[in-house]
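Asker: Quick one: structure below, then a few questions.
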Amino acid sequence: MSLLFLWSLSSSLTLSPSSTLATDSECVLLSGFDPGFVADGDFVIGGIFPLHYNQEMPDVNYTYQPTAVRCNGFDPRAFRWAQTMRLAVEEINQSEQLLPNHMLGYKIFDSCAYPLTGQRAALAMLNGLGQAHTHVCSGASPLLAVIGESGSAQSIVVSRILQPFKIPMISYFSSCACLGDRRKYPTFFRVIPNDDYQVKAMAQLLVRYDWRWVGVVRGDHEYGHFALQGLLRELKGTGVCVAYQEMIPLLYNQQRALEIIEVMRSSTARVVVVFSAEGEMTPFLKDYMAQNITGIQWVASEAWVTASLFTTSEYFPYLGGTIGFGIRQGQIPGLRDYLQTVNPRRYPSNPLVQQLWEALYGCSPSPSPSSTLIPPCSGQETLLEQHSAYMNTSSPRVAYNVYKAVYAIAHSLHNLLHCQAGAGPFHNRSCAHSTNVHPWQLQHYLQELAFYISGEEVNFDLKGDSIPYYDIINWQRGSGGNMEFINVGLFDGAKASGKELVIQEEKIVWAGHQSKLVVSVCSASCAPGSRKAVRRGEPLCCFDCVPCDSGKISNQTDSIDCTECPEDYWSNADGTMCIPKVVEFLSHDAMGIALTVIAVVGACLTVSILAVFLHHRTTPIVRVNNSELSFFILLSLTLCFLCALMFIGEPTSWSCMLRHTAFSITFSLCISCILSKTLVVLAAFTAARPGNNIMKWLGPKQQRVIIFSCTLVQVLICAAWLMAAPPYPSKNIQDQRSKIILECSVGSQLAFWCVLGYIGLLACLCFILAFLARKLPGNFNEAKFITFSMLIFCAVWISFIPAYVSSPGKYTVAVEIFAILASSYGLLFCLFAPKCYIILLKPEKNTKQHLMGNKK
Ligand code: TRP
């Protein structure tokens, strides 16, 4: 395999500081790149770690030779990861079981957390260390596998470079879902779960705490991009909305950061999900804290949830309470002791160890001209726990991943070397050659791998992903005022869906050092009895609450719709329950009693008038007015009053039938009596004229016949009605939707109006006749009173019609009773009041002369 694509014939080229000086004929590296740590072995694995947070942006002005890339911000944490790789390799080399008789070597490079530098590291790893390094040309490959990188953006680049050479790589921290695409990254493996699981877990967390209005801030890299896309996908249909999505620029820009901070401050979303890493978070958080914003609940992704940089107390007021997903932790037995062996005396020429000392103690182990500002070290410095970023070995997460990755390679290599001849996985059941192992052969074994490390199973699925598992981490104040990462639960992707998230709520301290949960909603939830109404042009989480229409209910908070109550049910006042509809009919309530009293009073009055008439039946006024007819009228009027009582009370089939028939028959009786009386009056005066014997035809017998026959017609109509379609009690649910009105359905509308019409006809006839007779002489002109009474009668019943049709519920019946009573009273007063007045108060006028109109 030829990997020498960066070799060039050097003539006048001046190379970057690290490259070897070349003579004219020699082949040299165009641009060299020194590894941080190297160890030779039979099989060499590469390691790429972001030993620095960032780097100065390369100069793009090509009018002079670009200077070497300068990396800034030494990261002791990543240095620890690199040391973990070395430890693992050394452990394996000493192991009797794993790869006995074989030595593993390594080349560890710094990527400066920057894809381009990661790319250079990958190329440098492939190239070997220089032309003197014969290894390049002897074995099958100078590099068997690569452990790296941290950030997904770097891993993508590195994977693309390794891909043509089929060199497998195992990443310990690149979780981007994008790397799960086997077509694009066929040789990529990782010991960290795919972010697809993390966003799923995050969505579940947001739903669980009812954080329905959240902001998302992410870095400008594949990790941030794909995590945001994944989160949006997972949030779809959960009722959680994203209030804003902001991106911290790759090249930190304070103005842009302040804009983002302003968005965070002004938004009503109190929960912010951040997909970013500590490198880019640090300047952003500095600016955030300068703005003195508090009360934000941070939800951290695995990339920064255990970032040692934020453990200092200054962050506490702003970041305390942060909750997030940390990758699995594990035990690396010898790590603590191993890390302590690293010191400048042991590695006098290693610049990284020097920088570690500078970072940890603020002193320079070997005073050099570049670091004049830093005092020299005493040489007495010892590595203690307090240097947490480096020495924090209590719960290694990423370091543990590195450890696992090295062991994964070692185990696969072990399996490869212990292949049974003739039972190998390759062509013709062959095995790999132990002196000439090709990286793609190792890839096969990696894919098939399964082993246990401190009780945990390690294997890779077809996408190269590992088993999804996260710890839920909460940032709390430690005893020294610093931040502590407390494990408060877990997410186990292997569990049944919905059961993956296990949280010990009591352990959590929320943002603002409270045990109270932060509320983050766009609109407060709608109480039962109302429903959500989406605001136009706004996300689904922002809505108004509108109370349910009457007759509809919603019994849950946040209902989207109000449900209609069943037919016989109606909503209660709050709109939360369907309750049986109120059954309404005219009963003995206030109105019922009032009407009863009026009716009874009317009946009594009529009866007393009857008594008065009976008592004074011999007086002229009674006699002249045809006493028999008067008694009839009074009797029927009493019945009229009494039949009003029948309309009060719950309608039954009997009362319904009785109501209308009794009412119509008594009224017809009454009107027919008055009619015959009118006829008599008319006849009496006409008969007074000579030659007219009409009176003969209107004797008491004939009168009775008239009354009887007129009433009979009504009786027949009623009989027909009762037989054909009698009135029946019915439930009316249409007129008033909130009530059930118990009423008497007339059965046949035709019959009902016939009955009324017949009464009307009689009344009109009576009115016309009385009207004709009104001018007839006589001091006590009966016709005038009849006209008047009929006028009232008709007026009452004509006004009854619209009132009857339009009054709701039990008032329909009340109107009917009222009409009955009013017309009865009208008749009673018009016909009998004047007579009673004379009988009782003016007995002197109760003489025949006076009545006959003798004015003398
Ligand atoms: N899981 C992250 C990733 O895949 C972790 C990470 C490491 C990271 N370094 C980073 C994220 C730098 C953003 C920037 O990328």
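Asker: Quick one: what pairs do we get from segment 284-308, first residue of a type in the set (Gly, Ala, Ser), second in a loop (DSSP other than H, G, I, E, B) and within 16 Å of the ligand (Cβ to nearest atom), C-beta under 7 Å, 6+ apart or different chains?
Answerer: Taking only residues 6 or more apart or on different chains, the pairs are ALA303/SER276; ALA303/ALA277.
Asker: Does THR238 fit the bill of being closer than 23 Å to ILE472 by Cβ, more than 16 Å from the ligand (Cβ to nearest atom) and touching a residue at least 12 places away in the same chain (Cβ under 8 Å)?
Answerer: Numbers: closer than 23 Å to ILE472 by Cβ: yes; more than 16 Å from the ligand (Cβ to nearest atom): yes; touching a residue at least 12 places away in the same chain (Cβ under 8 Å): yes.
When the stated conditions are applied, THR238 passes them.
Asker: Next up: Considering only segment 566-625, give the strands (runs of 3 or more DSSP E) lying wholly within it that have at least 1 residues that are exposed (fewer than 13 other Cβ atoms within 10 Å of the Cβ) and touching a Phe, Trp or Tyr at 6+ places or on another chain (Cβ under 9 Å). Steps first, answer last, please.
Answerer: Working: elements: 569-571, 578-580, 582-584.
Of the strands (runs of 3 or more DSSP E) lying wholly inside segment 566-625, those with at least 1 residues that are exposed (fewer than 13 other Cβ atoms within 10 Å of the Cβ) and touching a Phe, Trp or Tyr at 6+ places or on another chain (Cβ under 9 Å) span 578-580, 582-584.
Asker: Any idea which residue in segment 170-195 is farthest from GLY219 (Cα to Cα), counting only those that are assigned to a strand (DSSP E or B) and within 10 Å of the ligand (Cβ to nearest atom)? Break it down stepwise before answering.
Answerer: Filtering segment 170-195 for residues assigned to a strand (DSSP E or B) gives 170-171, 188-190.
Narrowing the set further to residues that are within 10 Å of the ligand (Cβ to nearest atom) leaves 171, 190.
Details: SER171: 20, ARG190: 21 Å.
Ranking the qualifying residues of segment 170-195, first place goes to ARG190.
Asker: So is VAL146 more than 12 Å from the ligand (Cβ to nearest atom), in contact with an Asp or Glu (Cβ under 6 Å, 6 or more places away or on another chain), under 21 Å from VAL44 (Cα atoms) and at pLDDT 90 or above or not? Write out each step before concluding.
Answerer: Details: more than 12 Å from the ligand (Cβ to nearest atom): yes; in contact with an Asp or Glu (Cβ under 6 Å, 6 or more places away or on another chain): no; under 21 Å from VAL44 (Cα atoms): yes; at pLDDT 90 or above: yes.
Judged against the criteria, VAL146 is not a match.
Asker: Could you list, in sequence order, the residues of segment 210-224 that are within 16 Å of the ligand (Cβ to nearest atom) and farther than 16 Å from GLU302 by Cβ? Spell out how you get there, then give the answer.
Answerer: To start, the set of residues in segment 210-224 that are within 16 Å of the ligand (Cβ to nearest atom) comprises 216-224.
Answer for segment 210-224, where residues must be within 16 Å of the ligand (Cβ to nearest atom) and farther than 16 Å from GLU302 by Cβ: just ASP220.
Asker: Can you pull out every residue in segment 87-105 that is under 21 Å from GLU149 (Cα atoms) and either touching a Lys or Arg at 6+ places or on another chain (Cβ under 7 Å) or hydrophobic (A, V, I, L, M, F, W, C) (or both)?
Answerer: Selection gives LEU87, ALA88, VAL89, LEU104.
Asker: Another question, if that's okay. Kindly indicate the residue of segment 157-169 that is crowded, with 24+ Cβ neighbours inside 10 Å and within 16 Å of the ligand (Cβ to nearest atom) and also nearest to ASP40 (Cα to Cα) among those meeting that condition.
Answerer: Residue satisfying both the conditions and the ranking: MET169.
Asker: Let me confirm something: among GLN441, GLN476, which residue is of a type in the set (S, T, N, Q) and not in a strand (DSSP E or B)?
Answerer: Values: GLN476 fails: not in a strand (DSSP E or B).
Within the list GLN441, GLN476, the selection yields GLN441.
Asker: Contact list please: Cβ distance under 6 Å, first residue in segment 209-224 and touching a residue at least 60 places away in the same chain (Cβ under 8 Å), second residue of a type in the set (Gly, Ala, Ser) and more than 7 Å from the ligand (Cβ to nearest atom), pairs at least six apart or on different chains.
Answerer: The qualifying pairs are TRP211/SER520; ARG212/GLY239; TRP213/ALA243; TRP213/ALA269; TRP213/SER520; VAL214/ALA269.
Asker: Which residue, of ALA795, ALA783, ALA719, ALA724, is over 56 Å from the mean Cα position of the chain (by Cα), among the small types (Gly, Ala, Ser) and surrounded by 14 or more Cβ atoms within 10 Å (Cβ to Cβ)?
Answerer: Details: ALA795 fails: surrounded by 14 or more Cβ atoms within 10 Å (Cβ to Cβ); ALA719 fails: surrounded by 14 or more Cβ atoms within 10 Å (Cβ to Cβ); ALA724 fails: surrounded by 14 or more Cβ atoms within 10 Å (Cβ to Cβ).
Unique residue meeting the criteria: ALA783.
Asker: Additional query: Is there a residue being surrounded by fewer than 22 Cβ atoms within 10 Å (Cβ to Cβ), more than 28 Å from VAL488 (Cα to Cα) and touching a helix residue (DSSP H, G or I) at 6+ places or on another chain (Cβ under 8 Å) anywhere in segment 299-309?
Answerer: no
The values are calculated or read from the model by the stated rules, or taken from the named source; none is laboratory data. Small disclaimer: the values here were computed from a predicted structure and weren't measured. Methodologically, a virtual Cβ is constructed for each residue, glycine included, from the backbone with ideal geometry; neighbour enumeration extends over all protein chains shown.
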